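See below for the structure under consideration.
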Amino acid sequence: MKLNVSIFSLLVFLFGPCVNCDIDYHTEYYSSSIVGLVKLLDIENQFVLRMKEYAEALEEKLATLKIYLKTLERKRPQSEKEQKQYLANPLHEFSLIRRLRQDWPTLQKYTKQEVGAEQLQAMTELLVKAPNEDDMLEMLKGIDRIEYIYDLNPIDMSLGRLQDREFGQTLSIRDCLALAQHKYEKKDYGGAFAWYSIALKREREPKAFTYDKVLGTALNGVREQFAKMRFLKVMAKQEPLLSDKQVRDEVEKALNKSSPAFVDHFVNELLEQEDGGVLWHDKKLQEPYYLGCRGGYPKRTNLHCRYNTTTTPFLRLAPFKMEEVSLDPYIVLYHNVISDREIEDMKQHATNFANGLSISPDLNVTDKPQIVARMQWVRKMTPFTDRINLRITDITGFEVDEFKAVQIGNYGIGGHFMPHFDYTTPDRLRIEDIYGLGDRTATIVFYASEVQGGATVFPNIQVTVQPQKGSALHWYNLFDDDSPNPLSLHTACPVISGSRWTLTKFIHSDSQLFRKPCLARNA
């Protein structure tokens, strides 16, 4: 039975229902993919170009005014006697009257003429395409996610050090303040304190006066906010029974009673400490999968690597390199199964991205999903998709003709997938959404880029698989009797750097009747 699924059904099919969800599937969030951020970089480049043209137009007008004023330079009579002698000349009288009647009004009109109207209009149109508030929030969440999931030191991050890599790019004072404010709004007072501290200790830009004149004073009120974060952090820890509002109210009262001199002295003492008084996120693991993202799971030694020559007859001629990752659930990593040329071909198929959303099975169905990537289902069959589907059959041994569509994904910085199951669950994917296909018996993900971070983690079995360009990860979601295997819970760790490209295929159970018979599970 062939299934004609609408675009909306495919979105529900992939991401699950979104009750009371105000996220627009069609609004592009630049932060959710490197593809989107490339577009944003182009917009900024155009804006800078137009701003330069506007500045040049202003400079040209200023130069014209200076040249005209230079033509009027002459020795001016100072005393009343000299003025009378000067005006005794009829030619001087005539020129004075004519200039004030004709030239100066014209000059005033020239000064009022709008300069760079074309450039101003172009900049206005470009700003319409600028990230909105939600987009900015998603990027802040991404950077914040990288920090706490990978347990990064904010001081190192501000200096361009992420894990063991140096990026040669430091964060500006305004960058640090934006992160501090975000952490304050999410009630992470220790994290906010850290980033405020970094901003206060950061050396000002060489032309800070110009920055402040154009953008506003960067550090206005920051010292007071820094002190406030310290009080909030301490009081929240000392008074755990107080609500967040009560804690904030008490801190506000304390600060209002404190003199400016006391607050200033208190801030100076904190900043003189060796680490600037930095208190970032708690060291405890908030989620079990964090340890997997950090590479903290024990290594497995009882598995094997070999050439697969048996799944299909074709593999006798061209076997695949296969690495066993787990036996329950069955997880294998295939190496060098998609070429660089095929990856570029894959990217050419990604012409109609939509927002990729993720919701954890632990969350309530009414919770707002997170925007995690840009995704597209490629349903049109091409030589590329035919070739990939044939390869999936060679890798898995499964039938894929029932649903040939493949999913292409591109992740931005901090892009991730929360822990989830690929099989049907009431809160994410319902069996009626995939009527005629059956449940997702297995999944295969092709890794199409090299990235820092972005590992696939199975927290219930403590397995981490690092993405390797050209490889494909294949695992089973169901037992042999088609019942769900909860050990298949998995997540995609946040991307630290790089553009994470993936191609995903879900293998459905109904069309595997003769390939994978439904067998009773051993007790």
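Give me the number: length gained by fully extending LEU40 to GLU203, i.e. 0.36 nm times residue separation minus the C-alpha to C-alpha distance, one decimal in nm.
Details: separation 163, 0.36 × 163 = 58.68 nm, distance 2.84 nm.
Working it through step by step, the gained length comes to 55.8 nm.
Helix 222-238 versus the longest principal axis of the chain: what angle, 0 to 90°, nearest 10, using Cα atoms?
That works out to roughly 30 degrees.
Leaving ligands and nucleic acids out of the surface, order THR312, THR27 by accessible area at 1.4 Å, largest first.
Numbers: THR312 20, THR27 45 Å².
Of THR312, THR27, the descending order of accessible area is THR27, THR312.
For a quick check of understanding: with a 1.4 angstrom probe and all protein chains in place, what accessible area in square angstrom does ARG391 have, to the nearest ten?
Surface accessible to solvent at ARG391 totals approximately 40 Å².
Send over a whole-number figure in Å² for the accessible area per residue of the chain, probe 1.4 Å.
Working: 28580 Å² over 523 residues.
That works out to 55 Å² for each residue.
So which lysines can LYS321 reach, going by Cα to Cα under 29 Å and dropping same-chain residues fewer than 8 places off?
LYS299, LYS347, LYS404, LYS469, LYS505, LYS516
If you take the C-alpha gyration tensor of region 106-258, multiply each eigenvalue by 5 and take the square root, what semi-axes do you get, largest first, in whole Å? Walk me through the numbers on the way to the answer.
Details: eigenvalues 266, 94, 55 Å².
They are 36, 22, 17 Å, listed largest first.
Within 10 Å, count the other beta carbons around each residue, average over each peptide in 374-381, 78-85, 336-343, and list them highest first.
Output ranking for 374-381, 78-85, 336-343: 374-381, 336-343, 78-85.
How about region 207-280: which trypsin sites (Lys or Arg not before Pro) there are in a DSSP loop, with at most 16 other Cβ atoms within 10 Å of their Cβ?
Numbers: sites: LYS207, LYS213, ARG223, LYS228, ARG230, LYS233, LYS237, LYS245, ARG248, LYS253, LYS257; in loops: LYS207.
Passing both the DSSP loop test and the Cβ count: LYS207.
Could you give the dipole magnitude of the chain about its Cα centre, charging the beta-carbon of Lys and Arg +1 and that of Asp and Glu -1, in debye to the nearest 20?
The dipole of the chain has a size of about 1540 debye.
Would you compute, from DSSP H runs of 4+ residues alone, the mean residue ellipticity of the chain at 222 nm, taking -39500 (n - 2.57) per run and dividing by the full residue count, rounded to the nearest 500?
Numbers: 17 runs with 213 residues, N = 523.
Calculated mean residue ellipticity at 222 nm is -13000 deg cm²/dmol.
If you consider only alpha-carbon coordinates, what radius of gyration and Dmax does the chain have, in Å?
Final numbers for Rg and Dmax: 31.8, 121 Å.
For LEU357, enumerate residues with amide H under 5 Å from its amide H, sequence gap 5+ or separate chain, H modeled in the peptide plane.
Amide H neighbours of LEU357: VAL372.
Using mean Cβ contacts within 10 Å as the protection proxy, how do 101-114, 166-179 order, highest first?
On the way: 101-114: 9.9, 166-179: 16.4.
Answer by packing, highest mean first, reads 166-179, 101-114.
Using a cut-off of 19 Å between alpha-carbon atoms, which aspartates and glutamates can reach LYS52, once sequence neighbours fewer than 8 places away in the same chain are excluded?
Straight-distance partners of LYS52: ASP42, GLU44, GLU60, GLU114, GLU118, GLU125.
Using a 1.4 Å probe on the protein chains only, how many percent of the accessible area of the chain belongs to carbon and sulfur?
Carbon and sulfur atoms account for 54 percent of the accessible area of the chain.
Taking the Cα centre of region 93-243 as origin, sum charge times position over the Cβ atoms of Lys and Arg (+1) and Asp and Glu (-1), and report the length of that vector in debye to the nearest 20. Don't skip to the end; give the middle numbers.
On the way: 24 positive and 23 negative charges, 132 e Å.
Roughly 640 debye for region 93-243.
Starting from the Cα of LYS233, draw a straight line to each of the lysines and keep only those under 24 Å, dropping any in the same chain fewer than 8 residues away.
LYS141, LYS183, LYS186, LYS187, LYS201, LYS245, LYS253, LYS257, LYS283, LYS284
The values are calculated or read from the model by the stated rules, or taken from the named source; none is laboratory data. All of these numbers come straight from a predicted model, not from anything done at the bench. Because the Cβ atoms are built from the backbone with ideal geometry, glycine has one as well, and the counts that use them run over all protein chains shown. Note: areas computed on protein heavy atoms with side chains; ligands, DNA, RNA excluded. Shrake-Rupley method; radii C 1.70, N 1.55, O 1.52, S 1.80 Å.
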